[in-house]
Structure formats: C-alpha cells, structure tokens
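*Asks:* Here it is: the structure, laid out below.
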Amino acid sequence: QKNPYALPGRSAVVHLFEWKFRDIARECEEFLAPMGYAAVQTSPIAEHLSQPKKGHPWWERYQPMSFRIVSRSGNESRFAEMVERCNYVGVRVYVDVVFNHMTGPLKPARSIAGTSADGINRNYPEVPFHSNHFNPKCDIHTYNDVNQVRNCLLSGLNDLNQTNTYVREKIIDFLNRLIDHGVAGFRVDAAKHMWPADLEYIYSQVKNLSARHGFAPGLRPFIYQEVIDLGGEGVKKTDYNAFARVTEFKYGAEIGNVFRGHNAMKWLKNFGSEWGLLPSGDALVFVDNHDNQRGHGAGGPTIITHKEPRLYKMAVAFMLSWPYGYPRVMSSYSFNNTDKGPPINKNSSIKNVTITSNGKCGNGWVCEHRWPAIVNMIEFRNKVDGTAVANWWDNGNYQIAYSRGDKGFIVFNEEMGADLKQILKTGLAEGSYCDVISGKKMRNKCTGRTVDVGKDGNAAITLLKEEEGVLAIHIGSKI
Ligand code: AAO
C-alpha cells in the first residue's frame with residue numbers, strides 16, 4: 001500500500017544508513033520529530049553474515065542468515081525500544097527487508113550473532129531453510145530475460161523461491177513480527193528479482209499496523225519496492241506499482257543529468273510522469289541511495305552525492321520543493337572505498353553518532369539530513385504542502401524559479417559562469433523573507449540573505465555565480 005502515514009505537517013523519510021538503533025531513537029526524539037521529518041528507514045535488521053576479515057563491509061547486512069532480529073545496529077530489544085520511541089514522537093519506522101536471497105556460497109557462513117550456515121549446500125539451520133527452498137543455481141547473464149532476473153542468483157546470492165508455501169510463511173512471519181513491534185512499513189530489497197504475484201501474495205497476508213502502537217484500525221503497511229528500471233530491460237517498474245510504491249531510479253539519474261549541466265534546467269517545468277517517471281503517488285524518490293552513492297546499483301557517475309556539497313544541496317532542494325513522489329533523504333557516513341562499512345570502534349562495533357554543539361555529526365557520520373540547507377527545505381516542503389507549482393520562470397537555459405502557490409518560492413542558478421539578476425514574481429505576500437539556504441530565521445532575524453517582496457508580489461533576486469546555486473523563501477521564513 002502506498003500511503004507513508006506521515007503525520008500532518010511532516011514529510012520525507014530519512015535513511016539513517018548503518019545507524020545503531022539507540023542513535024536512531026535519539027535522533028527521532030531530538031531532531032527528526034521537531035524538524036518535521038516524517039519517517040526513518042533503517043538498514044537491514046535480520047541476522048546477517050559477518051565478515052570481520054574483510055573489515056565488515058556495509059554489504060554484509062544484505063546477506064541474511066535467518067529472520068531473527070539481530071544486526072550490527074542492535075538486538076531485538078533495542079530494535080523494539082527504538083520503534084517505540086520513534087512512534088511516540090510521531091516518526092514512522094520503515095525497515096529495509098531482505099528476503100529475495102540468503103548469503104552467497106560460503107561454507108561455513110558465520111553470522112553476526114555467532115551462528116553458522118552452509119551457503120554452498122544451502123542449509124540455514126536458524127530458519128531453517130534447506131536446498132529445496134531455493135531456486136536452482138544459475139547466473140543472471142542478461143537483464144533482458146525476466147526469468148533469469150527472477151529465478152537466478154543476484155550476485156551469486158542463494159535465491160529463495162517465494163512461490164514455495166513454506167518460504168512464503170517464513171517471510172510473512174518475519175514481516176508480521178516487525179509489525180508487532182510497531183513499524184509502519186518496509187523497503188523491499190531486490191523486489192525486481194522476485195515475481196510480482198509472489199510479492200502481492202506476501203503483502204496481502206501481512207497484518208494491519210499495530211493498534212498498540214497507535215495506528216488506526218485496518219491500516220496496511222507502507223511498502224516501497226526496490227526495482228531498478230532505467231529502461232531497456234525485461235523487468236519493468238510498472239510490473240510492481242499496482243500494489244505498492246516503487247523506488248523511481250530514473251528520478252536521481254535525470255536530476256543528476258540536469259544539475260551536472262547535461263540537460264537544461266528549463267525542461268524541469270514538467271518534471272514527473274511526462275518524463276517517463278511513474279505516477280507521482282506510486283514513486284519513492286531520492287537524489288542518491290546507499291548503492292549508487294558508491295557506484296553499486298544504477299546511475300553511475302551521473303548521481304550527485306554529499307561529496308559535491310554545492311550541487312547536492314541544489315539537487316535535494318529541488319527534490320524537496322517539487323511536488324512529485326515521496327522523497328527520501330540519504331544520510332551517510334564518509335568513505336573513500338566502496339566496501340567500507342560504517343565508522344567502527346576498536347572492537348569492531350559501530351561508532352556512536354555524536355552531535356557537536358553546532359548540530360553537526362561527528363565520528364565520521366556525514367548526516368546530510370542535518371545540513372541546514374537540507375533540513376530547512378524539509379520545513380519548506382511542510383509549509384507549502386497542498387499547493388501547486390506556479391509563477392514558473394526560466395531564462396531559456398540553466399536559471400529557473402517557481403513558487404508553490406502563495407506559500408513558497410525558490411530560485412536556481414546553474415548557468416555556467418553567469419550571475420542571476422532578475423525581478424521575479426514570487427507569489428508571496430508583501431514582506432521580508434529569510435532565504436533558508438544561506439541562513440535561517442532566528443528570533444525574527446535572518447542569519448542569511450533577506451528577500452524583499454513588494455506589494456505586487458515581485459522581488460529583485462540576485463544569485464551570484466560564486467554563491468549557493470539556490471535560494472528559497474516561504475511563509476514560515478517571513479521576518
Ligand atoms: C556482495 C559482493 C559480491 C558478491 C556477493 C555474494 O559485493 O561481489 O558476489 O556479495 O557473495 C549489496 C551490494 C553487493 C553485495 C550484496 C550482498 O551492492 O555488492 O554483494 O549487498 O552482500 C542489482 C539489483 C539490485 C541491487 C543492486 C546492487 O537489481 O536489487 O544490484 N540492490 C539491492 C541493495 C544492495 C544489495 C542487494 C540488493 C542485495 O540495495 O545494497 O547489494 O541484497 C543493472 C540492473 C540493476 C542491477 C545493476 C547492478 O543496472 O538494472 O537491477 O542492480 O545492474 O547489477 C546502468 C544501467 C542500469 C544498470 C547499471 C549497472 O546505470 O542503466 O540499469 O548500469 O550496470
């Protein structure tokens with residue numbers, strides 16, 4: 001089902017990639033709820049492979065060994081406590097669930113909790129799963145063949161057969177256990193590699209959201225399925241969007257293209273389904289994700305990440321100001337090698353996310369979701385909710401501006417080496433507004449630049465080439 005259950009006045013899900021449950025709980029209380037974020041996505045929580053000799057690459061969590069709740073983020077009681085605390089402050093929890101496959105061919109495969117399995121003969125005693133619960137071993141040679149994509153092994157990972165009744169039951173039990181803990185939804189990993197009919201069946205058997213955690217009766221879990229479809233393959237995103245949302249990978253790829261200067265910004269005027277994207281209500285959108293920010297998955301070097309902060313702020317500001325899809329904000333740790341796992345202590349446990357006095361994250365955590373320009377755009381999105389794009393202006397190339405009804409106004413300048421100096425129609429009421437990219441309204445003063453809107457709704461806008469490439473004001477930033 002496609003409703004994310006955001007509380008009124010909140011929006012977006014933030015992916016706290018590899019965060020420990022304790023840190024997530026604290027972040028829900030201290031930052032996400034007060035700042036207007038609607039939800040958090042966790043890393044996979046089920047018992048998973050442990051690869052200490054490889055320095056615990058982040059991707060070990062995508063190789064489940066059982067459906068017990070125990071991971072590098074914490075155990076079941078810590079998980080339960082986190083969901084409780086996030087729900088209490090109205091932040092929804094969506095879990096990244098991996099049930100397309102188990103581990104790769106390792107014998108023995110050892111888990112983070114100390115149990116072992118035989119990934120060669122496909123024996124996972126903790127579930128238990130045996131070889132007859134898996135699809136025959138074969139490699140995906142071409143993504144043009146839907147049978148290969150769905151019945152063969154993704155990256156050599158033992159491929160569960162979701163058509164099998166017993167396998168289905170185990171998956172449904174797992175999802176139901178998460179619902180009992182109070183989660184509001186799931187990101188379904190590698191959905192593309194499973195048959196839509198099997199997924200539809202599994203979703204249909206999952207319980208309603210937990211009344212004990214404050215959900216109204218009869219609510220179905222929010223589901224977004226990871227299906228990479230940039231076109232030209234056998235499996236289509238439209239095979240999956242009838243019964244749940246789908247991750248729209250074309251979104252970040254197109255945004256990357258535009259902001260990198262390969263496609264003029266003026267074309268963004270009708271960005272959405274006219275660009276071949278899914279219907280807005282079916283899409284989960286993002287600038288980058290945990291895969292493509294490090295060259296895995298799809299999108300390659302077009303994708304914009306935190307490593308290019310100026311561009312990234314522009315791309316995320318566009319996403320959060322544009323009324324298409326349900327947005328996900330990425331929150332990363334720094335890395336220079338694509339296998340590198342999260343920051344760790346000497347004993348290999350994941351480091352705490354420390355918060356400095358100016359609200360930044362320490363210990364190697366990037367925390368894009370706390371960057372002032374990004375979190376201020378969350379407020380922008382919440383304030384303009386329900387309005388349409390209006391007052392579109394462009395210079396015919398890489399300078400654009402638009403309002404969201406009469407509640408918010410945003411300008412971008414990505415014109416190579418050029419300043420933007422224009423009188424523009426903002427749609428806003430007369431007054432002085434604080435630009436939430438260069439600063440913030442504090443005690444009725446603006447810490448950044450101020451924009452004066454006249455009686456006629458016009459404002460003189462200047463965005464010099466050496467400044468941030470975006471400026472945004474809204475009814476909440478009026479001083
Ligand atoms: C690890 C090792 C492997 C080893 C394996 C088993 O890295 O070397 O073989 O263990 O021992 C993550 C990591 C994997 C890791 C895995 C398990 O990324 O490296 O394997 O954990 O530990 C496909 C899937 C998509 C998947 C993506 C990574 O369709 O579902 O690959 N994403 C999810 C998770 C991800 C996770 C898994 C799934 C597995 O988000 O973190 O893997 O649980 C095409 C296809 C895509 C395909 C890509 C990459 O994309 O369309 O469907 O994604 O190829 O294979 C252009 C095209 C674009 C194309 C792209 C890539 O952009 O337009 O369509 O090029 O060439």
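The values are calculated or read from the model by the stated rules, or taken from the named source; none is laboratory data. For clarity, every value in this text was computed on a predicted model and none was experimentally measured. Note that we place each Cβ from the backbone using ideal geometry, even for glycine, and neighbour counts take in every protein chain shown.
*Asks:* Restricting the search to the range 6-41, which residues are surrounded by fewer than 24 Cβ atoms within 10 Å (Cβ to Cβ) and either β-branched (Val, Ile, Thr) or farther than 21 Å from Gly362 by Cα (or both)?
*Replies:* Ala6, Leu7, Pro8, Gly9, Arg10, Ser11, Gly36
*Asks:* Next question. Just one of (1) more than 15 Å from the ligand (Cβ to nearest atom); (2) in contact with an Asp or Glu (Cβ under 7 Å, 6 or more places away or on another chain) trips up Gly234, so point out which.
*Replies:* Every condition holds for Gly234 apart from (1).
*Asks:* Also, I was wondering about something else. Just to be sure, is Trp392 surrounded by fewer than 17 Cβ atoms within 10 Å (Cβ to Cβ) and closer than 30 Å to Lys2 by Cα? Don't jump to the end; show me each part of the working.
*Replies:* On the way: surrounded by fewer than 17 Cβ atoms within 10 Å (Cβ to Cβ): yes; closer than 30 Å to Lys2 by Cα: yes.
Yes: the conditions hold for Trp392.
*Asks:* Among the candidates Trp267, Trp322, single out the residue that is without any contact (Cβ under 8 Å) to a residue 60 or more places away in the chain, of a type in the set (A, V, I, L, M, F, W, C) and farther than 22 Å from Ala191 by Cβ.
*Replies:* Numbers: Trp322 fails: without any contact (Cβ under 8 Å) to a residue 60 or more places away in the chain.
Among Trp267, Trp322, only Trp267 is without any contact (Cβ under 8 Å) to a residue 60 or more places away in the chain, of a type in the set (A, V, I, L, M, F, W, C) and farther than 22 Å from Ala191 by Cβ.
*Asks:* Select from the range 53-84 the residues that are among the basic types (Lys, Arg) and more than 21 Å from the chain's Cα centre (by Cα) and list them in ascending order. Explain how you work it out, then say what you get.
*Replies:* As a first pass, look at the range 53-84 and keep what is among the basic types (Lys, Arg): 53-54, 61, 68, 72, 78.
Correct list: Lys53, Lys54, Arg68, Arg78.
*Asks:* Hey, can you tell me all the residues within the range 345-354 that are within 23 Å of the chain's Cα centre (by Cα) and in contact (Cβ under 8 Å) with a residue 40 or more places away in the chain? Spell out the reasoning first.
*Replies:* Taking the range 345-354 as the starting set, the residues that turn out to be within 23 Å of the chain's Cα centre (by Cα) are 350-354.
Ile350, Asn352, Val353 - these are the residues of the range 345-354 that are within 23 Å of the chain's Cα centre (by Cα) and in contact (Cβ under 8 Å) with a residue 40 or more places away in the chain.
*Asks:* Just checking, how many residues over the range 67-102 are touching a helix residue (DSSP H, G or I) at 6+ places or on another chain (Cβ under 7 Å) and more than 16 Å from the ligand (Cβ to nearest atom)?
*Replies:* 14
*Asks:* Looking at Pro52, Pro105, Pro57, Pro64, which one is under 23 Å from Tyr166 (Cβ atoms), out of contact with any strand residue (DSSP E or B) (no Cβ under 8 Å at 6 or more places or on another chain) and either modelled with pLDDT under 95 or within 16 Å of the ligand (Cβ to nearest atom) (or both)?
*Replies:* Details: Pro52 fails: under 23 Å from Tyr166 (Cβ atoms); Pro57 fails: under 23 Å from Tyr166 (Cβ atoms); Pro64 fails: out of contact with any strand residue (DSSP E or B) (no Cβ under 8 Å at 6 or more places or on another chain).
Going through Pro52, Pro105, Pro57, Pro64 in turn, just one is under 23 Å from Tyr166 (Cβ atoms), out of contact with any strand residue (DSSP E or B) (no Cβ under 8 Å at 6 or more places or on another chain) and either modelled with pLDDT under 95 or within 16 Å of the ligand (Cβ to nearest atom) (or both): Pro105.
*Asks:* While we're on this one: Looking only at the range 357-401, which residues are at pLDDT 95 or above and polar (S, T, N, Q)?
*Replies:* So in the range 357-401, the residues at pLDDT 95 or above come out as 359-401.
If the condition is that a residue be at pLDDT 95 or above and polar (S, T, N, Q), then Asn363, Asn376, Asn382, Thr387, Asn391, Asn395, Asn397, Gln399 are the ones that fit.
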